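Peer 1: Shown below is the structure under consideration.
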Amino acid sequence: MHVSGLGRSSIYNYMNNGKFPKCRPLGGGIVGWSSVEVQAWVDARLDGRDWQPGDKTSDLLEQLASDIEQHPERIRGVDSSLVERIKALVSGVDVDLCEPLSPDDE
């Protein structure tokens, strides 16, 4: 509740109306929410848009978080020469990651 800034009843009202991520049972009558989904909800609100369940970005981030949690041994450092190569390839390209894609880009 502290991440969303909402009270318990507001969370359940939003959730029941499809405007907040659904909770999941954790056992013993306890429920929880995916931190990735809640953060996607917060980000949508900060961007002035409504959160949509099944947002592809939050699905991808949740899969990545789950994979990292289950297989931390797979995490590898990135070689600095690769970072420099990527920087060289995108130099002069101006990208606003907050700007929605145009229909031509999708």
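Peer 1: Which of the residues that make up region 1-35 are among the small types (Gly, Ala, Ser) and not in a loop (DSSP other than H, G, I, E, B)?
Peer 2: If the condition is that a residue be among the small types (Gly, Ala, Ser) and not in a loop (DSSP other than H, G, I, E, B), then Ser9, Ser10, Gly27, Gly32, Ser35 are the ones that fit.
Peer 1: What number of residues in region 51-85 are at pLDDT 85 or above and under 20 Å from Ile11 (Cα atoms)?
Peer 2: Result for region 51-85: 0.
Peer 1: OK, next. Can you work out which of the residues in region 5-29 that are surrounded by 10 or more Cβ atoms within 10 Å (Cβ to Cβ) and of a type in the set (D, E, K, R) is farthest from the chain's Cα centre (by Cα)?
Peer 2: Looking at residues that are surrounded by 10 or more Cβ atoms within 10 Å (Cβ to Cβ) and of a type in the set (D, E, K, R), I get Arg24.
Peer 1: Tell me the residue from Gly29, Gly18 that is among the small types (Gly, Ala, Ser), over 24 Å from Pro100 (Cβ atoms) and modelled with pLDDT of 85 or more, please.
Peer 2: Gly29
Peer 1: Right, another one. Does region 1-37 hold any residues that are in contact with a helix residue (DSSP H, G or I) (Cβ under 9 Å, 6 or more places away or on another chain), of a type in the set (Lys, Arg) and within 23 Å of Glu69 (Cα to Cα), and which are they?
Peer 2: Answer for region 1-37, where residues must be in contact with a helix residue (DSSP H, G or I) (Cβ under 9 Å, 6 or more places away or on another chain), of a type in the set (Lys, Arg) and within 23 Å of Glu69 (Cα to Cα): just Lys22.
Peer 1: To continue, here is another question. Inside region 30-83, can you point out the residues that are small (Gly, Ala, Ser) and under 15 Å from the mean Cα position of the chain (by Cα)?
Peer 2: Within region 30-83, Ser34, Ser35, Ala40, Ala44, Gly54, Ser58, Ala65, Ser66 meet the criteria.
Peer 1: Please go through region 86-106 and give me each residue that is over 28 Å from Leu46 (Cβ atoms) and either modelled with pLDDT under 85 or touching a Phe, Trp or Tyr at 6+ places or on another chain (Cβ under 7 Å) (or both), ordered by number.
Peer 2: Once the filter is applied, which keeps residues that are over 28 Å from Leu46 (Cβ atoms) and either modelled with pLDDT under 85 or touching a Phe, Trp or Tyr at 6+ places or on another chain (Cβ under 7 Å) (or both), region 86-106 yields only Gly92.
Peer 1: In addition: From the list Ala44, Ala40, pick out the single residue that is modelled with pLDDT under 90, part of a helix (DSSP H, G or I) and either among the hydroxyl-bearing types (Ser, Thr, Tyr) or touching a helix residue (DSSP H, G or I) at 6+ places or on another chain (Cβ under 8 Å) (or both).
Peer 2: Of the residues listed, the single one that is modelled with pLDDT under 90, part of a helix (DSSP H, G or I) and either among the hydroxyl-bearing types (Ser, Thr, Tyr) or touching a helix residue (DSSP H, G or I) at 6+ places or on another chain (Cβ under 8 Å) (or both) is Ala40.
The values are calculated or read from the model by the stated rules, or taken from the named source; none is laboratory data. None of these values were measured; they are calculated from a predicted model. No Cβ is skipped: glycine too gets one built from the backbone with ideal geometry, and neighbour counts run over all protein chains shown.
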